[in-house]
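Report on the following structure.
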Amino acid sequence: MRVVRSIADLRVLLRTFREKGQRLGFVPTMGYLHEGHAALIRQSASRCDVTVVSIFVNPTQFSPNEDFAKYPRDLERDQALCMEAGCDVLFLPEVSEVYPTGYQTSIEPGRLAEPLCGQFRPGHFRGVATVVAKLFNMVLPDLAFFGQKDFQQTLVVRRMVRDLNMPVDVVVVPTIREADGLAMSSRNSYLSADERERALSISQGLFAARDAFSNGERNPSRLLGLTMAALAGVDRVQYCELVDAQSLEPILDTVDRTAALCVAAYVGGTRLIDNLILAPSLDDAGLNVSLSPTSQG
Ligand code: AMP
């Protein structure tokens, strides 16, 4: 595995692969890697000739009151995980190079960035879209891999790729969970033992709604009620919503199309997000089918 820190070195190296006709896969991350990230890397390694992983804690996607400065970091462990999962090139850009002095240009996502996390993290998706576009320009990947764990992010990125005619296929990888159901997240490391226990109520709430959905429940209020009941274990629910999985508009009547059940909640001082896709028919179950770039029309 090659470790590259400057954009110029990355371009020189990746050009050699591209000139050989090799397919480049890209996994952007903020580091403090876990099995969720490893799943993305493995999927890229299985589908591409060369897998590039970036670790970059992106300052523009954090609000001033958020955890940018204390975001967890462990480069040594991350390198080992990358290598084990099949990464070929680890890219570690500097903030000063990604955001050159005088930087003043951003990507402004549209309506998909407004609901859910967008309501509570102003500017977050502008920061995400901007850094993803920058990283795409640096890596020029054929495929890019994102986790369903950050469901709204996958929609914002896909929309950007279509709207700006970027020649990248976006692949969404299912959420990897701990054995007890908790969605893996770098932020889980902030949780005390008691908080870790109470954080479980998020996935349990989602699973309760999923079970009712499998048994035929299609009423949004009742599905949300089941999730909210389990969420009594967290300290504060920021949102718990059932939305159309393509437009993110709330589903108010009956779940007759693919829906995303999305939760953001605080456990202690830690903000956690999770979601599940509820597909009324098997045809709708594969997210990559309904949302893939090949179905852009
Ligand atoms: P992050 O380092 O948190 O910015 O995440 C980098 C990528 O890994 C994003 O595409 C995330 O959606 C994805 N990811 C994070 N946690 C998980 C998980 N538990 N399962 C699958 N993908 C994940």
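The values are calculated or read from the model by the stated rules, or taken from the named source; none is laboratory data. Please read these numbers as outputs of a predicted model, since none were measured by experiment. Don't worry about glycine lacking a Cβ; one is built from the backbone with ideal geometry, like all the others, and counts go over all protein chains shown. For accessibility, only protein heavy atoms count, side chains too; no ligands or nucleic acids. Shrake-Rupley method; radii C 1.70, N 1.55, O 1.52, S 1.80 Å.
Of interest is the spacing of the C-alpha centroids, which for region 124-171 and region 76-98 amounts to 18 Å.
Rolling a 1.4 angstrom probe over the protein heavy atoms with all chains in place gives region 45-92 an accessible area of 47 Å² per residue. Scoring 57-67, 135-145 by mean Cβ neighbours within 10 Å over their residues and listing the highest first yields 135-145, 57-67. Bin width 5 Å, origin at 0, all Cα-Cα pairs of region 1-142: what percent of pairs per bin? Going from the shortest bin to the longest, the percentages are 2, 9, 18, 20, 20, 16, 10, 4, 1, 0. How would you classify region 18-62 from its alpha-carbon gyration tensor, with a ≥ b ≥ c the square roots of the eigenvalues: rounded for a/c under 1.5, else prolate if a/b is greater than b/c, otherwise oblate? Oblate, because a/c is 1.5 or more while a/b does not exceed b/c.
Of all complete DSSP H helices in the chain, those with a Cα span along the helix axis of 27 Å or greater and a mean Kyte-Doolittle hydropathy of -1.0 or more are 193-214. Residues whose amide H comes within less than 5 Å of that of V173, counting only those at least five positions distant or on another chain, are F146, G147, Q148 (H built at 1.01 Å from N in the peptide plane).
For K149, the aspartates and glutamates whose Cα falls under 17 Å of its own Cα, not counting residues fewer than eight places away in the same chain, are E35, E178, D180, E241, D244, D274. Taking 0.36 nm per residue of sequence separation and removing the Cα-Cα distance, the A232/V3 pair yields an extension gain of 78.0 nm.
When the Cα gyration tensor is reduced to axis lengths a ≥ b ≥ c, the ratio a/c is 1.5 or higher for region 121-163, and with a/b not above b/c it is classed as oblate.
Anisotropy class assigned to region 54-104 is oblate, per the alpha carbon gyration tensor with a/c at or over the 1.5 cut-off and a/b no larger than b/c. Within the assembled protein chains, the solvent-accessible surface assigned to D150 is about 50 Å², based on a 1.4 Å probe. Rolling a 1.4 Å probe over the protein chains gives F146 an accessible area of about 10 Å². Think of it this way: in the chain, C48, C117, C240, C262 stand alone, with no other Cys Cβ under 4.7 Å.
Solvent-accessible area assigned to carbon and sulfur over the chain amounts to 50 percent, based on a 1.4 Å probe.
Across bins of 10 angstrom width beginning at 0, how are the C-alpha pair distances of region 212-266 distributed, in whole percent? Percent of pairs per bin, in order: 24, 54, 22, 0. Net length available on complete extension from K20 to E94 is 23.8 nm, with 0.36 nm assigned per residue and the Cα-Cα distance removed. Summed over the residues of region 131-260 and divided among them, the accessible surface reaches 42 Å² per residue at a probe radius of 1.4 Å.
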